[in-house]
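My questions all concern the structure below.
The values are calculated or read from the model by the stated rules, or taken from the named source; none is laboratory data. All values derive from a computational prediction rather than experimental measurement. We place every Cβ from the backbone using ideal geometry, glycine too, and count neighbours over all the protein chains shown. Accessible surface areas use protein heavy atoms only, side chains included; no ligands, DNA or RNA. Shrake-Rupley method; radii C 1.70, N 1.55, O 1.52, S 1.80 Å.
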Amino acid sequence: QVQLVESGGGLVQAGGSLRLSCAASKRTYTIGTIAWFRQAPGKEREFVAAIALNRGTTAYADSVQGRFTISRDNTKSTTFLQMNSLKPEETAVYYCAAKGPTGVATVHLAYEYWGRGTQVTVSY
């Protein structure tokens, strides 16, 4: 069983930055892709970014392209989401998710393992 633990959420003013971390309990031979999703109250969970751990291939939602950067450390056990120029409408719980080595996916149903989420609040 893969366990994912998110950290780094908090309160930030509009235009500010936050860096989220996702620590995975197992190495990449069981995990091929790590992704970030977010869910605001009353809204569906939406894809933010994903990274294929071995090749480093990335994918981003159009809404965050150019502002958010997903990366992983050399051990590939921790994945990061650097979020710049944050907007109030991006207030949500941000979830880390993992799937096997079958390529990057942007739909939440493709992911088998989920963290508990970390709250990001962007104030005006």
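Mind counting the residues in segment 43-72 that are assigned to a loop (DSSP other than H, G, I, E, B) and closer than 15 Å to residue 6 by Cβ?
1
Does any residue in segment 108-124 that is within 15 Å of residue 16 (Cβ to Cβ) come within less than 8 Å, Cβ to Cβ, of a residue that is charged (D, E, K, R) and in a strand (DSSP E or B) six or more places away or on a different chain, and which pairs are these?
That search, which allows pairs on different chains as well, returns 120/38.
Those residues that are under 19 Å from residue 71 (Cα atoms), in a loop (DSSP other than H, G, I, E, B) and either among the aromatic types (Phe, Trp, Tyr) or in contact with a Gly (Cβ under 8 Å, 6 or more places away or on another chain) (or both), I need them from segment 93-112; list them, please.
Listed by number, the residues that qualify are 100, 101, 102, 103, 111.
Further question: Could you please give the count of residues in segment 19-44 that are under 14 Å from the mean Cα position of the chain (by Cα), open to solvent by 30 Å² or more (accessible area, probe 1.4 Å) and over 14 Å from residue 89 (Cα atoms)?
2
Look at residue 97 and say whether it is touching a His at 6+ places or on another chain (Cβ under 8 Å), closer than 16 Å to residue 3 by Cβ and surrounded by 15 or more Cβ atoms within 10 Å (Cβ to Cβ).
Spelling it out, residue 97 is indeed touching a His at 6+ places or on another chain (Cβ under 8 Å), closer than 16 Å to residue 3 by Cβ and surrounded by 15 or more Cβ atoms within 10 Å (Cβ to Cβ).
Does at least one position in segment 73-87 carry a residue that is of a type in the set (Val, Ile, Thr) and over 12 Å from the mean Cα position of the chain (by Cα)?
yes
Do we have residue 116 as surrounded by fewer than 16 Cβ atoms within 10 Å (Cβ to Cβ) and modelled with pLDDT under 95 here? Break it down into steps so the answer makes sense when it comes.
Working: surrounded by fewer than 16 Cβ atoms within 10 Å (Cβ to Cβ): yes; modelled with pLDDT under 95: no.
It is false that residue 116 is surrounded by fewer than 16 Cβ atoms within 10 Å (Cβ to Cβ) and modelled with pLDDT under 95.
Among (1) of a type in the set (S, T, N, Q); (2) open to solvent by less than 30 Å² (accessible area, probe 1.4 Å); (3) more than 13 Å from residue 31 (Cα to Cα), there is one condition residue 74 misses while meeting the rest; what is its number?
(2)
One residue is enough: does segment 78-85 have a residue meeting the conditions out of contact with any helix residue (DSSP H, G or I) (no Cβ under 8 Å at 6 or more places or on another chain), open to solvent by less than 50 Å² (accessible area, probe 1.4 Å), in a loop (DSSP other than H, G, I, E, B) and touching a residue at least 24 places away in the same chain (Cβ under 8 Å)? Before the answer, list the steps.
Residues of segment 78-85 out of contact with any helix residue (DSSP H, G or I) (no Cβ under 8 Å at 6 or more places or on another chain): 78-82, 84-85.
Filter once more, keeping what is open to solvent by less than 50 Å² (accessible area, probe 1.4 Å): 78-81.
So of that shortlist, the ones also in a loop (DSSP other than H, G, I, E, B) come out as none.
No, that holds for no residue.
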